[in-house]
Amino acid sequence: MESETLTSAPTVRLENVERAARTLDGVIYKTLLQHNLGLSEAYGAQVYLKREDLQVVRSYKIRGAYNKMAGLSQGQSGQDVVCASAGNHAQGVAYACQLLGLRGHIFMPAQTPAQKVSKVRLFGKEQVEVILTGATFDDTYQAAKDFCDQRGSTFVHPFDDLAIVEGQATVGLEILRDAPGPIDYCFMPIGGGGLASGVGSVFRQLSPRTKLIGVQPLGAPSMQRAIQTGLRQPLEHIESFVDGAAVKCPGELTFELCRELLDEVTLVPEGQVCEDLLKMYNEEGIVLEPAGTLSVSALHQYADQIRGKTVVCVLSGSNNDITRMEDIKERAMRHQGRKHYFLVTFNQKPGALRRFVNHVLHEGDDIIQFQYIKKNNKEKGPVFIGLEVQRPHDIEGIRLRMVAEGFSYEYLNGKQDFLSLLV
């Protein structure tokens, strides 16, 4: 796709958002705007959570999907609908198909976890067909578009559609109706930008003094980069861990709206997301997916600005696969500075490991991973070592002692692609 410069954004009209709210009445849950004592005390602010993780399909996506599909013209409503999604949008479209009696074709990447596929089938029942295809989401999206064009079906875009944005905007209406008073800051996750565009449009018209902060994962900064450069163009590479917000290129419509509406788009490291996801579960009993945690993770960066303020964080979803929890814990501990990985060069002589343990490690330092294959006719060999330390600064002493003892090494914590093969 060629890069595009920005033009003026269309207006998301309040009367259309109100109409969307009426369309969704009885279909969605009007989710809680819940005061959170733990976060409020931690930041010296009044922090409220908009609990879209409790939505009927466990994310806000049903709002836009149903609003779009319920508004199809008489001719369009006789057609099939098609979408491409790795998760939440697929569930929203599937549930809307069941409620509206529409036939849906849901394209999902070939490697989509079975749990997500089964949820789509559960919500769609006999109304939907799931097609697993494509090694990447881009492949899946293109296959869905080709299928849609061939059949003359209606494509339900996950974010780049005015009816989708108007449906997501109902989140903003609910927040402002339930808020006990003026809101100083509203934090919203951004993938393609549909939620931020909708909520931002409502706030700018009804609560213009609220600072609107979009939040993206550090490894997928598509909207932030687009606004920063003034160009909408796909990123060459993204980190897909925060899958609900890992979008290579923002939509044309949402790009224009977010550029006009948001005060800032900030980036949050994936490790911070993992740390906060676990904390929200362990301390608050709230189950979130990584994308649903982004708004809470952004509070660290704004701690000084939000002190004494009223803050809303939109928790966008809770569709987290339990099999990912070990990876989430692993990333969280690396982010905290508790787990470290090295490729260390060992002399292939008896006693090298004993010397490493006795002279490099101190009490409390723990070897959690050790892979070594002795090679004949080689004086030295590489060893993959994982260490867990009690305090983050302990690792500096270990690195100094490795050098002092003659162990050359390469530090691997920043090399996620390599670590994913071994950890």
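Quick look at the values:
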{"quantity": "Matching residues in region 37-50 - criterion: being surrounded by fewer than 19 Cβ atoms within 10 Å (Cβ to Cβ) and either closer than 20 Å to Leu277 by Cβ or polar (S, T, N, Q) (or both)", "calculated": "Leu37, Gly38, Ser40, Glu41, Ala42"}
{"quantity": "Qualifying residue in region 335-346 (condition: closer than 30 Å to Ala86 by Cα and either aromatic (Phe, Trp, Tyr) or out of contact with any His (no Cβ under 8 Å at 6 or more places or on another chain) (or both))", "calculated": "yes"}
{"quantity": "Filter result for Cys258 (among the hydrophobic types (A, V, I, L, M, F, W, C), closer than 24 Å to Gly167 by Cα, part of a loop (DSSP other than H, G, I, E, B) and open to solvent by less than 30 Å² (accessible area, probe 1.4 Å))", "calculated": "no"}
{"quantity": "Within region 285-305, considering residues that are open to solvent by 10 Å² or more (accessible area, probe 1.4 Å) and of a type in the set (S, T, N, Q), the one nearest to the chain's Cα centre (by Cα)", "calculated": "Gln301"}
{"quantity": "Residue check for Glu239: within 13 Å of Gly192 (Cβ to Cβ) and surrounded by fewer than 18 Cβ atoms within 10 Å (Cβ to Cβ)", "calculated": "no"}
{"quantity": "Pairs where the first residue, in region 251-263, is closer than 14 Å to Gln205 by Cα and the second is small (Gly, Ala, Ser) and surrounded by fewer than 22 Cβ atoms within 10 Å (Cβ to Cβ), C-beta under 9 Å, 6+ apart", "calculated": "Leu257/Ala9; Glu260/Ser8; Glu260/Ala9; Leu261/Ala9"}
{"quantity": "Candidate set: region 15-36, residues that are open to solvent by less than 90 Å² (accessible area, probe 1.4 Å) and aliphatic (A, V, I, L, M); chosen: the one farthest from Lys309 (Cα to Cα)", "calculated": "Val27"}
{"quantity": "Where a residue in region 122-137 is of a type in the set (Lys, Arg) and its partner, wherever it lies, is open to solvent by 40 Å² or more (accessible area, probe 1.4 Å) and modelled with pLDDT of 95 or more, with Cβ under 6 Å and at least six apart", "calculated": "Lys125/Gln98"}
{"quantity": "Filter result for the condition that a residue is charged (D, E, K, R), at pLDDT below 95 and buried (at least 21 other Cβ atoms within 10 Å of the Cβ), over Arg331, Arg324", "calculated": "Arg331"}
{"quantity": "Looking only at region 120-147, and only at residues there that are touching a Lys or Arg at 6+ places or on another chain (Cβ under 9 Å) and under 12 Å from Ala90 (Cα atoms), the one that is surrounded by the most Cβ atoms within 10 Å (Cβ to Cβ)", "calculated": "Val128"}
{"quantity": "Filter result (open to solvent by less than 50 Å² (accessible area, probe 1.4 Å), assigned to a helix (DSSP H, G or I) and among the hydrophobic types (A, V, I, L, M, F, W, C)) within region 175-212", "calculated": "Ile175, Leu176, Leu195, Ala196, Val199, Val202, Phe203"}
{"quantity": "Residue in region 264-284 that is assigned to a helix (DSSP H, G or I), open to solvent by 10 Å² or more (accessible area, probe 1.4 Å) and touching a Pro at 6+ places or on another chain (Cβ under 6 Å) present", "calculated": "yes"}
{"quantity": "Positions within region 323-358 being part of a helix (DSSP H, G or I) and either more than 31 Å from the chain's Cα centre (by Cα) or aliphatic (A, V, I, L, M) (or both), in sequence order", "calculated": "Met325, Ile328, Ala332, Met333, Ala352, Leu353, Arg354, Arg355, Phe356, Val357, Asn358"}
{"quantity": "Filter result (in contact (Cβ under 8 Å) with a residue 60 or more places away in the chain and hydrophobic (A, V, I, L, M, F, W, C)) within region 181-225", "calculated": "Ile183, Cys186, Phe187, Met188, Ile190, Leu195, Ala196, Val199, Val202, Leu206, Ile213, Val215"}
{"quantity": "Selection count, region 81-119, where residues are without any contact (Cβ under 8 Å) to a residue 60 or more places away in the chain and either surrounded by fewer than 24 Cβ atoms within 10 Å (Cβ to Cβ) or not in a helix (DSSP H, G or I) (or both)", "calculated": "17"}
{"quantity": "Filter result for Gln168 (closer than 26 Å to Gly71 by Cβ, open to solvent by less than 10 Å² (accessible area, probe 1.4 Å) and in contact with a helix residue (DSSP H, G or I) (Cβ under 9 Å, 6 or more places away or on another chain))", "calculated": "yes"}
{"quantity": "Exclusive hit being open to solvent by less than 30 Å² (accessible area, probe 1.4 Å), of a type outside the set (A, V, I, L, M) and either within 22 Å of Pro269 (Cβ to Cβ) or in contact (Cβ under 8 Å) with a residue 40 or more places away in the chain (or both), set Asp417, Asp394", "calculated": "Asp394"}
{"quantity": "Test: residue in region 233-242 that is on the phi < 0 side of the Ramachandran plot and either assigned to a helix (DSSP H, G or I) or modelled with pLDDT of 95 or more (or both)", "calculated": "no"}
{"quantity": "Some residue of region 352-363 being open to solvent by less than 80 Å² (accessible area, probe 1.4 Å) and within 29 Å of Glu270 (Cα to Cα)", "calculated": "yes"}
{"quantity": "Number of positions in region 213-232 that are assigned to a strand (DSSP E or B) and either at pLDDT below 95 or more than 24 Å from Gly271 (Cα to Cα) (or both)", "calculated": "2"}
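The values are calculated or read from the model by the stated rules, or taken from the named source; none is laboratory data. Bear in mind the structure is a predicted one, so any value in this text is a computation, not a measurement. Using ideal geometry, Cβ is built from the backbone for each residue, glycine included, and neighbour counts are taken over all protein chains shown. To get the accessible areas, we keep the full protein, side chains included, count just its heavy atoms, and leave off ligands, DNA and RNA. Shrake-Rupley method; radii C 1.70, N 1.55, O 1.52, S 1.80 Å.
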